[in-house]
Amino acid sequence: MSNQNVTGIIFSFIFVKKIMATYTITISDSSNKTKHLLGLIKEMAKTDNEYITIEHAPNEETLKALEDSNAGKVVKSKSKEDFFAKLNS
């Protein structure tokens, strides 16, 4: 995904302590409509938390950054100027 802010949401509808269905939805929160949709789902989860649960998952870009960091692929610098010079080179 390009430079859009994307939020991944996994939520389950639960009825009588039994999971009825689990949906994974990827929402780009760059438009007002999708921000409202995300807000609606979060509000529903607050009031109907017996039936709707939200599990936050990092997006692909964040997962890649964590993977790189854990593998030691980091930029070491002495100052912020040095850091930006290395990023821009």
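The values are calculated or read from the model by the stated rules, or taken from the named source; none is laboratory data. Since the structure is predicted, the reported quantities are computational estimates derived from the model, not experimental observations. All Cβ positions, even for glycine, are placed from backbone atoms using ideal geometry, and neighbour counts span all protein chains on display.
Below is a table of values for the structure above.
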read-out	value
Residue check, ALA57 modelled with pLDDT of 85 or more, among the small types (Gly, Ala, Ser) and at negative phi	no
Hits in region 78-87 - residues which are closer than 19 Å to ALA65 by Cα and either surrounded by 11 or more Cβ atoms within 10 Å (Cβ to Cβ) or over 27 Å from the mean Cα position of the chain (by Cα) (or both)	PHE83, PHE84, LYS86
Members of region 23-44 found to be in a helix (DSSP H, G or I) and of a type in the set (D, E, K, R), listed by number	LYS33, LYS35, LYS42, GLU43
Residues satisfying the stated conditions in region 61-87, i.e. at pLDDT below 85 and not β-branched (Val, Ile, Thr)	LEU87
Every residue from region 27-53 that is of a type in the set (Val, Ile, Thr) and at pLDDT 80 or above	THR34, ILE41, THR47
Scope region 45-60; condition part of a helix (DSSP H, G or I) and exposed (fewer than 11 other Cβ atoms within 10 Å of the Cβ); matching residues	LYS46, THR47
Selected residue (criterion: farthest from the chain's Cα centre (by Cα)) from residues of region 35-77 that are within 30 Å of ASN88 (Cα to Cα) and among the charged types (D, E, K, R)	LYS76
